[in-house]
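Notes follow the structure.
The values are calculated or read from the model by the stated rules, or taken from the named source; none is laboratory data. Here the structure is a predicted model, which is why all the values come from computation and not from measurement. As a convention, Cβ positions derive from the backbone with ideal geometry for all residues, glycine included, and neighbour counts pool all protein chains shown. Note: areas computed on protein heavy atoms with side chains; ligands, DNA, RNA excluded. Shrake-Rupley method; radii C 1.70, N 1.55, O 1.52, S 1.80 Å.
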Amino acid sequence: MKWSLVYPPFDDKRDRSASYVAPPLGLLSIASYLEAEGDEVVIEDFVLKLKSGEIPSDSRIYDACTERILSTNPDVVGFGTQCSTGPTSINIARRIKKIRPDVAVVLGGHDVSFLGPRYLNAFPFVDAVLGGEAELTAPKLSRALGGSGEWNAVPGLSWRERGQVRWRGGEERVGDLDTLLPFAYHLVDGLETYFRYSQVPTILIDSGRGCAFNCEFCQTTLLNGRKVRYRNVASIIHELRGYRERFGTFEAYFVHDLFTARRAFVEELCEAMIDAELDLPWQCRCRIDEVDEKLLSLMNRARCHRLLYGIESGSEETLARMNKRLRRGVAEETTERVRWTVENGIFPSLSMVVGTPEETLADLEATMNLAARFLQIGSVNSFIQLMSPLPGTALAERLAGRFEYRGDDAPTAFSQGIEFEDGRRLAEDEELVASLPDIFQSFQVVTPDHGDLGLCVDVSLGYCKLLEVYGWSYAGLVERLGTGYLDLFIRFRDHLVEQRRTGRPGLVGIRDAEIWDGFVGFADEILRECDAPTQLWDTFHFERLVHEISVAPPVAPPAEAQPPGPFRLHDAARLFRSTSGLPWEAGRADAGPQAFLLFMSRDRLKIVRLDENLAKAFELLGRLDGWSGAREHHFQRLAQVLAPLWNLGVLQPVTQLATVGA
């Protein structure tokens, strides 16, 4: 049999920290097992093709995918669907079957694993749905399709027999991950091509599978089992060393959902990476209650520089309802554990959700409060998403009667990434999702007990984006006004809605710049109304300057040792004067009038304390920048004073004096 394994098009633009494009490991693994049984396999990675422009991001996208799939003349087309690519897979499959009725269409992946019979009843052009991990079951299905095997011998399969939908329960997983066949990388473009479309060259590492927990909202345990399976550390080091020798420096991403489930494994792997001197940055996903300072320090020495924590909520009541199984009191330690992570040189992404069914306004306030504390730690990526009910989970089962579909006015955590036409979903995708809520569950929402789903949507869209730039000012206003984080956000949200007048509900469709620019006017007005102290005004001024320099091209090291002539302050640099130091230094005994140079490098904000002579020199440089009478000797004198800072790259030469005085 000739298989075409399809990774449907997807492009989620929300997470700027997701800076890589990588081949689909699941399909590469399944392909290896099919090839080992004598099948011919082609892989169509439409995520890469969308990034590279090989397929259009408009209403023609599914026709283009169909044409490419059928150009290889497959007998079977198998889709590896994720939560949001269910509609995508169906609309491509419909086209395939219309053109080539003889081609078998098979679905696999997250959501479809729990909804096989429903998919077959709803879509007559789908021939089978294969649930769960499929390395061992896909070859059995291939034999059944070819007439040499039995359909009912394939665990996790839904199929049709004499016009009736049948389902075979059970699962068959690779018990020993060290016996996994090598991934079929020869079936996709070279990793160098993926690197070309990545901000950070990244290689995914299948280090383990399974989760011992049973959170109400999560599919991982259901798909991969409660038994946590790890690969042998030596095999992982061997794989990493091979990539290192071939590609040089890259970032490894251990994609196991519960990387730190077995502490001994993490310690052994970190020690082995240190001993092997691979010098490779890496990232992983962890539960925050499974790390401590000692383990984080070891991970950092092994060059872990980024990880994801599923924080979920700031409310212990919400966490208990989710069945997170956190020890009582651990939730209160969350902020401290995030601080340990940052102090050990690891950048944490902190995922939270709102819009849970029993959520109260107090629960929402607790999560917003926690997010504000995270942002004040600094060097974190904190984000809030709208809860998605995922098929198969206990959450989805008990909420089936409460599902609502509000289109793209309520973008959930797992409904985004298929906005292929001017930032909106295609009409045919929208029609599918709206007409079949029991199938496309991750696009549905549930109004929480407090009754204001729109508020949850707005918090997910705007709150962390606001804190990202104006977190200290926002917290200062909350304290000054004696109000709550939620109440101030509602006030700000209403201010923005009044300004925008887009006709869409709340903050739906808002751009980041609208949030930040809108807060400037809002905060200025509130600061005046509440007679804010100078310290809070300083904080607001600091964050406005940081915002200004963050949108400019970053500062780079200078090409020359000394300015040869006229120069100016780089657009990504500012002088900041404060009466009480930096925002996080407020209240310190030594905090007083100070001056700082702020500038944005390629990777982060940098701050340099200045003595008064240097501060005055920068002020004089600013006046020269707008003075038509500026002459070269003025810059020569300033260059002598500012010489200690020239190597920072913040002093930018200009080719003509007239440019300075323009």
Check residue 519 against each of (1) open to solvent by less than 10 Å² (accessible area, probe 1.4 Å); (2) touching a Pro at 6+ places or on another chain (Cβ under 9 Å); (3) not charged (D, E, K, R) and name the one condition it does not meet. (2)
Which one is nearest to residue 83 (Cα to Cα), of the residues in the stretch 105-124 that are in a helix (DSSP H, G or I) and of a type in the set (A, V, I, L, M, F, W, C)? 112
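Just need a number here: residues in the stretch 353-411 that are assigned to a loop (DSSP other than H, G, I, E, B), within 16 Å of residue 450 (Cβ to Cβ), touching a helix residue (DSSP H, G or I) at 6+ places or on another chain (Cβ under 7 Å) and open to solvent by 30 Å² or more (accessible area, probe 1.4 Å). Explain how you work it out, then say what you get.
The first filter runs over the stretch 353-411 and keeps only residues assigned to a loop (DSSP other than H, G, I, E, B), leaving 355-360, 378-380, 387-393, 403, 405-406, 410-411.
Filter once more, keeping what is within 16 Å of residue 450 (Cβ to Cβ): 355-360, 387, 410.
Applying the additional criterion that residues be touching a helix residue (DSSP H, G or I) at 6+ places or on another chain (Cβ under 7 Å) yields 355-359, 410.
Now restrict to residues that are open to solvent by 30 Å² or more (accessible area, probe 1.4 Å): 358.
Looking only at that region, the number is 1.
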When the stretch 565-583 is checked residue by residue, the ones that are within 14 Å of residue 649 (Cα to Cα), open to solvent by 10 Å² or more (accessible area, probe 1.4 Å) and of a type outside the set (D, E, K, R) are 569, 570
Out of 233, 255, 266, 228, sole residue that is in contact with a strand residue (DSSP E or B) (Cβ under 6 Å, 6 or more places away or on another chain) and either at pLDDT below 95 or not hydroxyl-bearing (Ser, Thr, Tyr) (or both): 255
Under 6 Å by Cβ, and 6 or more places apart or on different chains, what pairs join a residue from the stretch 515-541 that is touching a residue at least 12 places away in the same chain (Cβ under 8 Å) with one that is among the polar types (S, T, N, Q) and buried (at least 16 other Cβ atoms within 10 Å of the Cβ)? 523/473; 535/580; 538/578; 539/473; 540/473
From 248, 208, grab the single residue that is at pLDDT 90 or above, in contact with a Phe, Trp or Tyr (Cβ under 6 Å, 6 or more places away or on another chain) and of a type in the set (Gly, Ala, Ser). 208
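Answer yes or no as to whether residue 297 is in a strand (DSSP E or B), out of contact with any helix residue (DSSP H, G or I) (no Cβ under 6 Å at 6 or more places or on another chain) and among the hydroxyl-bearing types (Ser, Thr, Tyr).
Numbers: in a strand (DSSP E or B): no; out of contact with any helix residue (DSSP H, G or I) (no Cβ under 6 Å at 6 or more places or on another chain): yes; among the hydroxyl-bearing types (Ser, Thr, Tyr): yes.
No: the conditions fail for residue 297.
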Which is crowded, with 20+ Cβ neighbours inside 10 Å and free of Cβ contacts under 8 Å to residues at least 40 places away in the same chain, of 93, 153? 93
Restricting the stretch 323-345 to residues that are crowded, with 22+ Cβ neighbours inside 10 Å and hydrophobic (A, V, I, L, M, F, W, C), which is nearest to the chain's Cα centre (by Cα)? 338
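Tell me yes or no: at least one residue of the stretch 107-127 is open to solvent by 20 Å² or more (accessible area, probe 1.4 Å), closer than 25 Å to residue 442 by Cβ and among the polar types (S, T, N, Q). Outline the logic, then answer.
From the stretch 107-127, those open to solvent by 20 Å² or more (accessible area, probe 1.4 Å) are 109-110, 113-114, 117-118, 121-122, 124-125, 127; that's our starting set.
Filter once more, keeping what is closer than 25 Å to residue 442 by Cβ: 109-110, 113-114, 117-118, 121-122, 124-125, 127.
Imposing the further condition that a residue be among the polar types (S, T, N, Q) reduces the set to 113, 121.
There is at least one residue in the stretch 107-127 that is open to solvent by 20 Å² or more (accessible area, probe 1.4 Å), closer than 25 Å to residue 442 by Cβ and among the polar types (S, T, N, Q).
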Picked from the stretch 640-652 (must be part of a helix (DSSP H, G or I) and open to solvent by 20 Å² or more (accessible area, probe 1.4 Å)), the residue farthest from residue 380 (Cα to Cα) is 640
Within the bounds of the stretch 52-62, is there any residue that is modelled with pLDDT of 95 or more, closer than 29 Å to residue 220 by Cα and either open to solvent by 10 Å² or more (accessible area, probe 1.4 Å) or not hydroxyl-bearing (Ser, Thr, Tyr) (or both)? no
Filter the stretch 376-398 for residues that are of a type in the set (A, V, I, L, M), out of contact with any Cys (no Cβ under 7 Å at 6 or more places or on another chain) and farther than 18 Å from residue 543 by Cα and give the result. 387, 394, 395, 396
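Among the candidates 554, 505, single out the residue that is touching a strand residue (DSSP E or B) at 6+ places or on another chain (Cβ under 6 Å), over 17 Å from residue 471 (Cβ atoms) and touching a residue at least 40 places away in the same chain (Cβ under 8 Å).
Values: 505 fails: touching a strand residue (DSSP E or B) at 6+ places or on another chain (Cβ under 6 Å).
Being touching a strand residue (DSSP E or B) at 6+ places or on another chain (Cβ under 6 Å), over 17 Å from residue 471 (Cβ atoms) and touching a residue at least 40 places away in the same chain (Cβ under 8 Å) holds for just one of 554, 505, which is 554.
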The number of residues in the stretch 199-219 that are open to solvent by 20 Å² or more (accessible area, probe 1.4 Å) and polar (S, T, N, Q) is 2
Just for the stretch 412-425: of the residues that are open to solvent by 40 Å² or more (accessible area, probe 1.4 Å) and on the phi > 0 side of the Ramachandran plot, which one is farthest from the chain's Cα centre (by Cα)? 422
Give the stretch 240-257 a look and list any residue that's touching a residue at least 24 places away in the same chain (Cβ under 8 Å) and over 17 Å from residue 26 (Cα atoms), or say none. 240, 241, 243, 244, 247, 249, 250, 251
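Is one or more of the residues making up the stretch 558-571 farther than 30 Å from residue 633 by Cβ and of a type in the set (A, V, I, L, M, F, W, C)? So that I can check it myself, show each step before the final result.
Filtering the stretch 558-571 down to residues farther than 30 Å from residue 633 by Cβ leaves none.
No, the stretch 558-571 contains no residue that is farther than 30 Å from residue 633 by Cβ and of a type in the set (A, V, I, L, M, F, W, C).
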May I ask you to list the residues in the stretch 486-507 that are of a type in the set (S, T, N, Q) and over 13 Å from residue 409 (Cα atoms)? 499
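Among 605, 648, which is under 30 Å from residue 19 (Cα atoms) and within 31 Å of the chain's Cα centre (by Cα)?
Numbers: 648 fails: within 31 Å of the chain's Cα centre (by Cα).
Selected residue: 605, the only one of 605, 648 that is under 30 Å from residue 19 (Cα atoms) and within 31 Å of the chain's Cα centre (by Cα).
Just to be sure before I move on: is residue 259 touching a Lys or Arg at 6+ places or on another chain (Cβ under 7 Å), surrounded by fewer than 18 Cβ atoms within 10 Å (Cβ to Cβ) and aromatic (Phe, Trp, Tyr) in the structure I sent?
On the way: touching a Lys or Arg at 6+ places or on another chain (Cβ under 7 Å): yes; surrounded by fewer than 18 Cβ atoms within 10 Å (Cβ to Cβ): no; aromatic (Phe, Trp, Tyr): yes.
Considered against the rule, which asks whether it is touching a Lys or Arg at 6+ places or on another chain (Cβ under 7 Å), surrounded by fewer than 18 Cβ atoms within 10 Å (Cβ to Cβ) and aromatic (Phe, Trp, Tyr), residue 259 comes out as no.
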Elements of type helices (runs of 4 or more DSSP H) contained in the stretch 1-100, each with 2 or more residues being of a type in the set (Gly, Ala, Ser): 25-36, 86-99
Collect the residues in the stretch 464-509 that are β-branched (Val, Ile, Thr), open to solvent by 30 Å² or more (accessible area, probe 1.4 Å) and assigned to a loop (DSSP other than H, G, I, E, B), keeping them in residue-number order. 483, 502
List the number of the failed condition for residue 268; all other conditions in (1) touching a helix residue (DSSP H, G or I) at 6+ places or on another chain (Cβ under 6 Å); (2) open to solvent by 40 Å² or more (accessible area, probe 1.4 Å); (3) farther than 28 Å from residue 133 by Cα; (4) not polar (S, T, N, Q) hold. (3)
Could you list all residues from the stretch 416-441 that are among the small types (Gly, Ala, Ser) and more than 10 Å from residue 405 (Cα to Cα)? 417, 423, 427
Filter the stretch 156-188 for residues that are open to solvent by 70 Å² or more (accessible area, probe 1.4 Å), closer than 19 Å to residue 35 by Cβ and outside any helix (DSSP H, G or I) and give the result. 182
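Looking only at the stretch 453-463, which residues are in contact with a helix residue (DSSP H, G or I) (Cβ under 8 Å, 6 or more places away or on another chain) and buried (at least 23 other Cβ atoms within 10 Å of the Cβ)? Quick ask: steps written out before the conclusion?
Of all residues in the stretch 453-463, those in contact with a helix residue (DSSP H, G or I) (Cβ under 8 Å, 6 or more places away or on another chain) come to 455-459, 462-463.
The answer is 456, 457, 458, 459, 462, 463.
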